[in-house]
Structure formats: structure tokens, C-alpha cells
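Enquirer: Structure provided below as C-alpha cells; questions to follow.
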Amino acid sequence: MELQEKIPVPVFAAVDREVFLRNIYPQRQPAVLRGVSLGPCLEKWTVDYLGEKGGDKEVKIHVSTVPQMDFLHKNFAYKTLPFNEFVRRASEKKHSDFFLCEDESYYLRSLGEDVRKEPAELSKQFPGLAEDFHTPDFFEPEQFFSSVFRISSCGLQLWTHYDVMDNLLAQVTGTKRVVLYSPQDALHLYLSGDKSEVLDIDAPDLKRFPKFVRAKRYECVLEPGDLLFIPALWFHNTLALQFGVGVNIFWRHLPADSYDKKDPYGNKDPVAATRALQALERALHTLDELPAEYRDFYGRRMIQRIQKRTYCDGKIDAEQNSTLPSSPFTKPG
């Protein structure tokens with residue numbers, strides 16, 4: 001099988017706010033940051049400690065009979081467990097208590113108190129644990145959107161998707177493989193909304209997805225204490241190599257009114273992008289009034305105009321390269 005080009009994600013040590021904003025953030029490329037202080041969570045967050053601090057607060061979780069979870073086809077069930085019971089089960093490989101089967105996989109993505117209106121925030125859902133976690137000050141406080149608590153069974157793999165906000169993934173315990181794809185490879189990923197239809201990225205069905213091999217594969221393994229900077233629109237797929245706990249910190253890098261105000265997950269396309277996609281649908285419906293050869297001709301002309309107006313061919317505009325701490329808002333590359 002023809003393999004994708006694999007590119008290691010660069011690793012940076014001793015990164016502080018100034019280094020991040022000057023040398024890393026403007027590049028709009030994934031980066032592993034090592035040596036950033038995350039607080040006492042690195043030593044404290046054992047299974048017993050998590051269960052004690054989290055207590056019997058009920059949490060909604062994903063449970064699957066297979067470790068490769070597929071959001072598009074929903075090969076998992078939503079279940080509810082007390083947090084301490086969930087942590088105990090997620091840390092086991094075989095379960096004496098289970099919903100579907102004795103080797104089922106578990107996944108928690110924390111939610112806001114009002115799941116339809118409020119983003120997740122570690123300090124609100126798990127205040128006892130939040131005291132142990134230090135959020136890096138790599139963005140302005142008013143840019144903060146959410147801090148999502150995540151816990152995965154060993155072997156759990158999450159579907160490939162993109163987010164519309166910048167993201168720091170803090171790996172607190174366990175190790176995790178992360179595979180990323182550039183926004184410029186979107187046409188090779190067979191998208192359905194914000195998710196890729198290619199579920200098995202390690203052994204893809206190339207009869208169904210022949211263009212997938214053209215996508216460049218960026219890859220890293222996160223160790224406890226690592227931070228992964230995932231710029232907005234970069235696709236990512238995670239595989240828990242061990243039972244692990246992490247925290248995602250999302251922040252708005254566009255002006256606040258660029259985002260859908262009714263989006264507690266931070267994954268709806270920016271308002272202007274949504275309007276543009278709706279306009280495109282209307283234009284395509286208009287072309288349907290023409291015979292096939294005319295649709296083909298004018299469709300190709302539309303594609304050419306879109307390419308001229310929007311494609312940057314791997315180069316970031318000078319405007320995007322001028323990010324400074326005093327001007328934190330940039331367009332995604």
C-alpha cells in the first residue's frame with residue numbers, strides 16, 4: 001500500500017509566553033511544548049485520587065465495544081456513571097461491571113452545566129481537581145473559551161476532526177499518539193461536516209478513499225506533562241497508548257463576534273464561513289437550472305475563481321505572520 005508522507009511534529013523545550021507568541025504561534029503549525037508547568041496534577045492525578053476528588057458526581061460518557069470510536073456512525077452508546085466508578089472502569093482492561101461487554105472502552109469529554117448553552121470549564125465541573133491544574137498563560141484571559149476534561153481507556157482512538165478555535169492539549173497522565181493533517185489537505189480527507197469519513201487512518205480502505213494517501217501525516221506521542229498546540233482547522237486523531245487524563249484549553253483567536261454564540265462545543269464554523277457555504281449552496285441550486293455541460297463549464301469557472309481568491313498554496317500571508325502579544329487575533333492559516 002502506498003503510504004502517506006509522515007512528518008514528526010516539532011518539539012520545543014522551555015517555552016514561556018513570550019517564546020510561544022513570538023516563535024511558535026505565528027507559524028500556525030502544530031508543536032509539542034515540553035517543560036511548561038502544569039501544576040501538581042502530574043503527581044497527584046492517580047486513579048484513587050481522581051475518584052476521591054471527583055466523587056460520585058454523575059458524568060455522561062461514551063461506551064463502545066470496540067476501541068476505535070466512530071462519531072459519524074455512532075458505534076458507541078451514551079451512558080451515565082458516578083465519576084469515581086467511571087474512573088475505576090476506564091483504568092481497567094477487563095471489567096467485572098460493564099454495560100456492553102467485559103472489554104468495552106470508555107471515554108469522557110466533560111460538558112458544561114447546561115450542555116446546550118455553557119462550554120465545559122474544569123474549575124466549574126471539577127473544582128477540586130482544577131486546583132491542581134495550572135492553565136498556561138499563552139493567551140489573553142478574555143480569549144478563553146473552554147477547558148475540557150478528557151479521560152480515555154487504554155487503546156481508545158477518537159475520530160479525525162477539526163475545531164475552529166486554537167487548542168492546547170495538555171497530557172497529564174498516560175501517553176497518547178496524535179496524528180494531525182493540515183487544513184490544506186481537507187480535500188483528501190473525505191469530510192462529512194467537521195469529521196473525516198476515514199475511520200482507520202493506519203489501514204485505510206483505499207478503494208473507498210483513494211485520495212487519502214495524498215494527505216501529509218504529522219505525528220507525535222505525548223508524554224505526561226506535554227502540551228500540544230493544535231491551531232484552528234488542523235485535523236487531529238488521538239490514540240490513547242495508556243489509560244490517560246488530559247485537559248484541552250480552547251481560546252478564541254478571532255474576534256469574539258466571528259463565532260456562533262450558540263455553540264457550547266466550539267466546533268461550529270465561523271459565522272462568515274457558514275454564510276459563505278450557504279451562499280454556495282444557493283449558487284449550486286441555481287446552476288441546476290442549466291443542462292449538464294453548462295453546469296460543468298460554469299462549475300469549473302467557479303472553482304477557478306475560488307482558488308484565485310482563497311488558496312494560499314502553503315504560504316501564510318504577511319498579515320498572519322505579524323502576530324504579536326499586543327495583537328493576539330489572527331486568521332487561521
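The values are calculated or read from the model by the stated rules, or taken from the named source; none is laboratory data. Predicted, not measured: the structure shown is a model, and the values here were computed from it. Here the Cβ positions follow ideal geometry from the backbone for every residue, glycine too, while neighbour counts run over all protein chains shown. For the accessible areas, the whole protein counts, side chains as well, though only heavy atoms, and no ligand, DNA or RNA atoms are used. Shrake-Rupley method; radii C 1.70, N 1.55, O 1.52, S 1.80 Å.
Enquirer: Run the helix sum for the chain: -39,500 (n - 2.57) per DSSP H stretch of 4+ residues, divided by residue count, reported at 222 nm to the nearest 500 deg cm²/dmol.
Expert: On the way: 7 runs with 64 residues, N = 333.
The per-residue figure over the chain is -5500 deg cm²/dmol.
Enquirer: Something else now. At what distance in nm do the modelled label points of Thr274 and Ala13 sit from each other, each positioned 7 Å from its Cα along Cα→Cβ?
Expert: Distance between the two pseudo-spin positions: 4.5 nm.
Enquirer: What shape does region 271-310 have by the C-alpha gyration tensor, where a ≥ b ≥ c are the square roots of the eigenvalues, rounded means a/c under 1.5, and otherwise prolate means a/b greater than b/c and oblate the rest?
Expert: Details: a/c = 5.07, a/b = 1.42, b/c = 3.57.
Verdict is oblate for region 271-310.
Enquirer: If you don't mind, there's one more thing I want to ask. Which of Ala292, Ala215, Ala203 moves the most in a Gaussian network model of the chain with Cα springs under 10 Å?
Expert: Between Ala292, Ala215, Ala203, it is Ala292 that shows the largest mean-square fluctuation.
Enquirer: Shifting gears a bit: Which order, highest average first, do 113-121, 304-312, 68-76 follow once you tally other Cβ atoms within 10 Å for each residue and take the mean per peptide?
Expert: Working: 113-121: 14.0, 304-312: 9.4, 68-76: 15.6.
Sorting 113-121, 304-312, 68-76 by mean packing, highest first, produces 68-76, 113-121, 304-312.
Enquirer: Taking a ≥ b ≥ c as the square roots of the Cα gyration tensor eigenvalues, with a/c under 1.5 meaning rounded and otherwise prolate when a/b beats b/c, else oblate, which class fits region 202-308? Present the calculation step by step, with values, prior to reporting the outcome.
Expert: Numbers: a/c = 3.09, a/b = 1.58, b/c = 1.96.
The shape class here is oblate.
Enquirer: What list of ³J(HN,Hα) couplings, whole Hz, do you get for region 53-62 from phi and the Karplus terms 6.51, -1.76, 1.60, once you set θ to phi - 60° and write x for glycine and proline?
Expert: 6, x, x, 9, 4, 6, 10, 8, 10, 9
Enquirer: Restricting to Cα pairs below 8 Å that are 6+ residues apart, what does the relative contact order work out to for the chain? Please round to a whole percent. Mind showing how you got there, number by number?
Expert: Values: 651 pairs, mean separation 76.8, N = 333.
Relative contact order, the chain: 23 percent.
Enquirer: For a quick protection proxy, order the peptides 133-144, 229-240 by their average other-Cβ count within 10 Å, most packed first.
Expert: Details: 133-144: 16.2, 229-240: 22.4.
Put in order of decreasing packing, that is 229-240, 133-144.
Enquirer: Another question about this same structure. Quote to one decimal, in nm, the extra length available between Lys262 and Asp114 on full extension: 0.36 nm per residue of separation minus the C-alpha distance between them. Show your work: numbers first, answer last.
Expert: Values: separation 148, 0.36 × 148 = 53.28 nm, distance 1.19 nm.
Difference between extended and current length: 52.1 nm.
Enquirer: Still on this model: I need the calculated FRET efficiency for the pair Asp202 and Glu289, taking r as the beta carbon distance and R₀ as 41 Å, to the nearest 0.05. Don't skip to the end; give the middle numbers.
Expert: Values: r = 45 Å, r/R0 = 1.09.
Approximately 0.35, to the nearest 0.05.
Enquirer: Can you list the aspartates and glutamates whose alpha carbon sits under 15 Å from that of Lys117, skipping same-chain ones fewer than 8 residues off?
Expert: Within the straight-line limit of under 15 Å, Lys117 reaches these aspartates and glutamates: Asp260, Asp263.
Enquirer: Round to a whole angstrom and tell me the spacing of the C-alpha centers of region 85-156 and region 6-40.
Expert: About 23 Å separates the Cα centre of region 85-156 from the one of region 6-40.
Enquirer: Now for a separate question. Filter Lys60/Lys261; Lys44/Lys176; Lys60/Lys207; Lys79/Lys176; Lys216/Lys261; Lys74/Lys262 down to the pairs with a C-alpha to C-alpha distance above 29 Å, please.
Expert: Lys60/Lys207; Lys216/Lys261
Enquirer: Using the Karplus curve 6.51 cos²θ - 1.76 cosθ + 1.60 with θ = phi - 60°, what ³J(HN,Hα) values do you get for each residue of region 135-147, in whole Hz, with x for Gly and Pro?
Expert: 6, x, 8, 8, 8, 6, x, 6, 7, 4, 10, 7, 10
Enquirer: In what sequence, highest mean first, do 272-279, 219-226, 11-18 appear when ranked by Cβ atoms within 10 angstrom? Numbers along the way, then the final one.
Expert: Numbers: 272-279: 11.1, 219-226: 18.4, 11-18: 13.4.
Per-residue Cβ counts within 10 Å, averaged per peptide and sorted highest first, yield 219-226, 11-18, 272-279.
Enquirer: While we're looking at this one, here's another question. First compute the accessible area of the chain with a 1.4 Å probe, then give the percent of it belonging to carbon and sulfur atoms.
Expert: On the way: 8970 of 17170 Å².
C and S fraction of accessible area: 52 percent.
Enquirer: Can you classify region 44-125 as rounded, prolate or oblate using the Cα gyration tensor, where a ≥ b ≥ c are the square roots of its eigenvalues, rounded means a/c under 1.5, and otherwise it's prolate if a/b beats b/c and oblate if not? It would help to have the intermediate numbers written out before the result.
Expert: Numbers: a/c = 2.18, a/b = 1.14, b/c = 1.91.
Oblate is the answer for region 44-125, as a/c is 1.5 or above yet b/c matches or exceeds a/b.
Enquirer: Given 0.36 nm per residue, what is the gain on full extension from Arg22 to Lys79 after removing their alpha carbon distance, in nm? Kindly include the intermediate steps, with their values, before the conclusion.
Expert: Details: separation 57, 0.36 × 57 = 20.52 nm, distance 4.39 nm.
Value of the extension gain: 16.1 nm.
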